[in-house]
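Structure first, then comments.
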Amino acid sequence: MTTRFSPDQMAYAAGLEGYLDRQASLDFLRTMGIRMSVGHWSAGDFCDRFAPPGYHSDDPAFQNDFEGQCRRTKAAGIDAIEIHQSVFETTLNGDIDHAHIERARTGYLAELDLTVTACNINTWTNPKFRLGGPCNPNPALRKAALDEVLKGVEICRLMQIPVLSVWPGSDGADYHFQIDYKQSIEWFTEALVIVNMACLEHGIRLAIEPKPYEPRELYMIIPTAASAILVAQRVNQACGGTNCGLTIDYGHQKMEATTASTSCDLAAYAGVPVHKFDINDARQGRNDQDLMFGTLSIPESVEYLYTTFVRNYRGYYSQDQFTYREDPTRAIERSLINFANLARKAVRVLADQARLDQARAAGTGPDILDVVSPVLIG
């Protein structure tokens with residue numbers, strides 16, 4: 001039996017009946033020690049090529065700066081938030097805004113009792129990085145991108161943020177023959193070795209977030225969980241230890257046509273830690289839809305949470321969702337409630353581990369369903 005939950009926690013979960021509403025969901029997550037955060041962008045306005053001004057741009061009361069995003073996150077019942085390093089820059093990819101850091105720390109973050117759990121890196125929004133960040137064909141821009149990531153390390157140090165997560169964004173290709181993939185992934189790895197050494201100096205964990213494509217249309221430089229694991233291993237070999245790990249995004253694995261469960265287990269098999277899970281939902285093999293969690297496949301969502309519990313994951317599950325036409329606060333709250341109810345199902349499966357192991361030994365679908373169907377649809 002996993003040590004993820006104590007006997008008292010398992011007994012508490014077993015005693016719960018019926019659907020968990022907002023307050024019951026918050027109580028369940030707190031009692032079980034399951035931590036949730038929100039990417040600040042998930043609490044902001046959303047724009048796409050069909051509505052470039054933003055879907056909430058006609059609402060003068062909609063505060064779309066970081067403080068407004070923090071307030072919406074707290075209103076949804078969540079007390080942890082993630083940032084991009086650009087939140088605390090004077091301009092996009094400009095100097096660190098030390099005055100804003102101090103104003104946030106002593107002002108609205110303290111007022112809201114909101115913790116910043118991770119810093120993500122943006123090396124794609126600025127048009128100078130349109131051909132890539134750490135893999136840009138221009139060596140000066142590769143250096144500029146590395147400086148951006150190191151700026152994230154410094155922000156983590158200043159704000160005591162435990163995880164720095166790197167998603168490659170514009171690094172990759174749109175067309176065949178466009179890049180030398182081996183050369184590009186070497187550039188990416190070399191940059192992360194430098195970043196990881198800085199992270200080790202300050203006690204910050206480094207995570208790599210894979211994604212098959214988008215914004216690059218052919219492939220992103222780290223398109224799969226397996227490729228992220230390989231790069232993390234190379235970085236750790238160069239630096240020593242296992243500080244470099246993964247961010248696993250639920251929807252990105254659906255794009256890859258695998259699952260977040262198998263990616264979690266593959267990382268465990270390879271000895272590479274998962275530092276962060278991003279939660280959302282998406283249809284298999286489609287674009288990065290970033291829907292509210294638990295809205296498409298209950299069995300897959302429950303298996304995913306069950307797997308993270310078996311592997312003793314204790315970090316944050318961070319909402320990374322783009323609910324374009326919805327009220328962000330309501331959408332964040334809805335994901336939280338879905339997550340808690342599905343996590344309770346996962347705990348019920350975990351409690352029946354002995355029967356599940358027996359069914360797995362038999363190896364047939366009906367044997368497995370005899371165990372999990374009463375939980376999934378009961």
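What follows is calculated from the coordinates using simple rules that are stated; it is not laboratory data. Given the structure is predicted, the values throughout are model-derived calculations rather than measurements. Here the Cβ is made from the backbone with ideal geometry for all residues, glycine too, and neighbour counts use every protein chain on show.
Computed on the Cα atoms alone, the convex hull of the range 183-278 gives a volume of 90 cubic angstrom per residue.
Helical runs (DSSP H, four residues minimum) scored at -39500 (n - 2.57) apiece and divided by the length of the chain put the mean residue ellipticity at 222 nm at -14500 deg cm²/dmol.
Cross-link reach is defined here as a Cα-Cα straight distance under 23 Å, omitting same-chain residues fewer than 8 places apart; for Lys345 the lysines meeting it are Lys254, Lys276. Our analysis of the range 107-241 gives Rg over Rh at 0.99, with the two radii drawn from alpha carbon positions and Rh computed by the Kirkwood formula. Here the scattering of the range 57-101 is modelled by Debye summation over its C-alpha atoms, one equal scatterer each and no solvent; at q = 0.33 Å⁻¹ the log10 of I(q)/I(0) is -1.10.
Check each of the GluC sites (Glu not before Pro) in the range 182-229 and keep only those in coil by DSSP with at most 15 other C-beta atoms within 10 angstrom; list them in order.
Here the GluC sites (Glu not before Pro) that fit, given the DSSP loop and packing criteria, are Glu217.
Projecting the Cα atoms of Ile332, Pro299, Phe309 onto the charge dipole of the range 290-347, computed from C-beta unit charges around the Cα centre, puts Phe309 farthest toward the positive end. By DSSP, the beta bridges lying fully in the range 34-334 are antiparallel in about 10 percent of cases. Using a cutoff of 8 angstrom between alpha carbon atoms and counting only pairs six or more residues apart, the relative contact order for the chain works out to 17 percent.
Pulled fully out, how much extra length does the chain show between Thr3 and Ile101, if you take 0.36 nm times their separation in residues and subtract their Cα-Cα distance?
So the extension gain works out to 31.5 nm.
The residue among Leu150, Pro210, Gly169 whose Cα reaches farthest toward the positive pole of the charge dipole of the range 133-223, with charges on the beta-carbon of Lys, Arg, Asp and Glu, is Leu150.
Excluding same-chain neighbours fewer than eight residues apart, the lysines reachable from Lys143 by a Cα-Cα span under 24 Å are Lys128, Lys151, Lys182, Lys211. Here the range 1-115 is treated as a Stokes sphere of Kirkwood radius computed over C-alpha pairs; at 37 °C and 0.692 mPa s its diffusion coefficient rounds to 195 µm²/s.
Within the range 292-356, the ratio Rg/Rh, alpha carbon atoms throughout and Rh by Kirkwood, equals 1.03. Near the amide H of Val166, within less than 5 Å, lie the amide hydrogens of Ala207, Ile208, Glu209, all on another chain or at least 5 residues away, with H placed in the peptide plane. Report the residues of the range 232-272 in range of a label on Glu186: point 7 Å along Cα→C-beta, backbone N strictly under 19 Å from it. From the range 232-272, the list is 232-239. Treating r as the C-beta distance of Ser373 and Thr329 and R0 as 41 Å, the FRET efficiency rounds to 0.75. Under the criterion of Cα pairs below 8 Å and six or more residues apart, the relative contact order for the range 238-322 equals 33 percent. Rounded to the nearest Hz, the phi-derived 3J(HN,Hα) couplings of the range 3-20 under the Karplus curve 6.51 cos²θ - 1.76 cosθ + 1.60 (θ = phi - 60°) are 9, 4, 10, 6, x, 5, 5, 5, 5, 4, 4, 5, x, 6, 10, x, 6, 8, where x marks glycine and proline. Cβ-to-Cβ counts within 10 Å put Cys264, Cys239, Cys199 in ascending order as Cys239, Cys264, Cys199, the fewest first. Counting every other Cβ atom within 10 Å of each residue's Cβ, Glu67, Glu303 order from fewest to most as Glu67, Glu303. With a Förster radius of 25 Å applied to the beta-carbon distance between Ala11 and Arg355, the computed FRET efficiency rounds to 0.85. Computed on the range 1-121, with alpha-carbon pairs under 8 angstrom and 6+ residues apart, the relative contact order is 22 percent. Placing +1 on the Cβ of every Lys and Arg and -1 on the Cβ of every Asp and Glu, with nothing else charged, gives the chain a dipole about its Cα centre of roughly 580 debye.
For the chain, taking the reciprocal of the average inverse distance between every pair of different Cα atoms yields a Kirkwood hydrodynamic radius of 21.4 Å. Modelled this way, with points 7 Å down the Cα-to-C-beta line, the labels at Gln160 and Lys128 are 3.4 nm from one another.
Each of Lys128, Lys254 has some number of other Cβ atoms within 10 Å of its Cβ, and from fewest to most they run Lys128, Lys254.
Between Asp27 and Asp174, the FRET efficiency from the beta-carbon distance, with R0 = 56 Å, is close to 0.70.
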